Amino acid sequence: MRLFQIPARRDNYIYLALGPENEAFVVDPADAAPVIVFLRERPEIQLKAIINTHHHHDHVGGNQTLKAKFDLNIYGPAHDADRIPGLSHPVQIGDEVTVCGITMKVHDVKAHTRGHICFQTLSPFAQVYRHGHQGRETQVENLGGRPALFVGDSLFLGGCGRLFEGTPQQLHEVMSLYASLSGDHLVVCAHEYTESNLRFAAHVLPASEKIAQRLEGLPQEMGVAQSSVPDLLEIEFQTNPFLLALDGSHQNAMSQKFETDGVVALMGALRQAKDNF
């Protein structure tokens, strides 16, 4: 199993997951064109499916064109089926689905949108590649051998998506889910927002050496690929304020800063502060 990153639009990332028989699916294709170019350069790969985490156009914009060109199956949330173009294989929360030889568990992560889901692979990717908008495709050795979380916009490196349709309570539930998983997972998110997220994290937790170190080391981390994504969930446990809000000492520090009472109120205050940052 190999995981490739395909840059699209201004800061979107599409992912191509290659299974053991050279069959592949793409995750949240914002546009069809970058996927078609990627496949033209790799004729051995057979694209068989799309998986969608949620309905936003910059995640499903390429669905219909790719489906028509390659006769693909499209997997997405059954409870949001009317907003996923071309959906052919609706999935339920808790399902285990196998696509192109890759088995994934479906999690409910509604908050960014009311239909958002996450796909957790149950096997590791042997090789993982980053490819930023201004960089070149680069294998990242230390990311290989790990399972992946296709999180869409429910979790970013150093942050999370806006609450367009959800509530602070739902955001708390999403963060609690991610906090319950092994830190060995790859956070495979759909945008390059890491620098701005870490600047906000440093603003709300100025005493955190780990956040400061991660922000300072970000240019080196992005390297020739010019991409920081994906990266390990374990690092999010240490530097993402929305996950740190679940931790006692950090929760207290941020609650005092935002004058909130309780973790749900803190989640709402954090998200609102990030919206205005």
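Values in this text are rule-based calculations from the coordinates and carry no lab data. Everything numeric here is computed off the predicted structure, so don't read it as measured data. No Cβ is skipped: glycine too gets one built from the backbone with ideal geometry, and neighbour counts run over all protein chains shown.
Once you have the Cα-Cα distance between Gln134 and Asp184, take 0.36 nm times their residue separation minus that, and quote the gain in nm to one decimal. Can you show the working numbers first?
Working: separation 50, 0.36 × 50 = 18.00 nm, distance 2.78 nm.
Length difference between fully extended and current span is 15.2 nm.
Report the extension gain between Ala68 and Ile36 in nm, rounded to one decimal, defined as 0.36 nm multiplied by the number of residues separating them, less their alpha carbon distance. Please report the intermediate quantities before stating the final value.
On the way: separation 32, 0.36 × 32 = 11.52 nm, distance 1.22 nm.
Using 0.36 nm per residue and subtracting the Cα-Cα distance, I get 10.3 nm.
How far is it, in nm, from the label point at Gln127 to the one at Arg83 when both lie 7 Å from their Cα along the line to the Cβ?
According to this spin-label approximation, the distance is 3.7 nm.
Would you give the gap between the C-alpha center of the range 169-193 and the C-alpha center of the range 235-255, rounded to a whole Å?
Value for the Cα centre distance between the two parts: 13 Å.
Using only the Cα atoms of the range 115-193, what do you get for the radius of gyration and for Dmax, in Å?
For the range 115-193, the Cα radius of gyration and maximum Cα-Cα distance read 13.7, 40 Å.
Among Val26, Val97, Val60, which one shows the biggest mean-square fluctuation in a GNM of the chain, springs joining Cα atoms closer than 10 Å?
Sorting by GNM fluctuation, first place goes to Val97.
Relative contact order for the chain using alpha-carbon pairs under 8 Å, separation at least 6, rounded to a whole percent? Write down the numbers at each step before the final one.
On the way: 620 pairs, mean separation 41.5, N = 277.
Reported as a whole number, the value is 15 percent.
For the chain, count the residues as N, evaluate 2.2 N^0.38 Å, and divide the Cα radius of gyration by that value, please.
Details: Rg = 17.9 Å, N = 277, 2.2 N^0.38 = 18.6 Å.
This ratio for the chain stands at 0.96.
Which lysines, on any chain, are close to Lys210 with Cα under 22 Å apart, when same-chain ones fewer than 8 places away are left out?
Cα-Cα hits under 22 Å: Lys257, Lys274.
Based on DSSP H runs of at least 4 residues, each adding -39500 (n - 2.57), what is the mean residue ellipticity at 222 nm of the chain after dividing by all its residues, to the nearest 500 deg cm²/dmol? Can you show the working numbers first?
Working: 11 runs with 91 residues, N = 277.
Calculated mean residue ellipticity at 222 nm is -9000 deg cm²/dmol.
Please work out how much length the chain gains when fully extended from Thr98 to Arg199, using 0.36 nm per residue of separation minus the C-alpha to C-alpha distance, in nm with one decimal. Kindly include the intermediate steps, with their values, before the conclusion.
Values: separation 101, 0.36 × 101 = 36.36 nm, distance 3.81 nm.
Full extension from Thr98 to Arg199 adds 32.5 nm.
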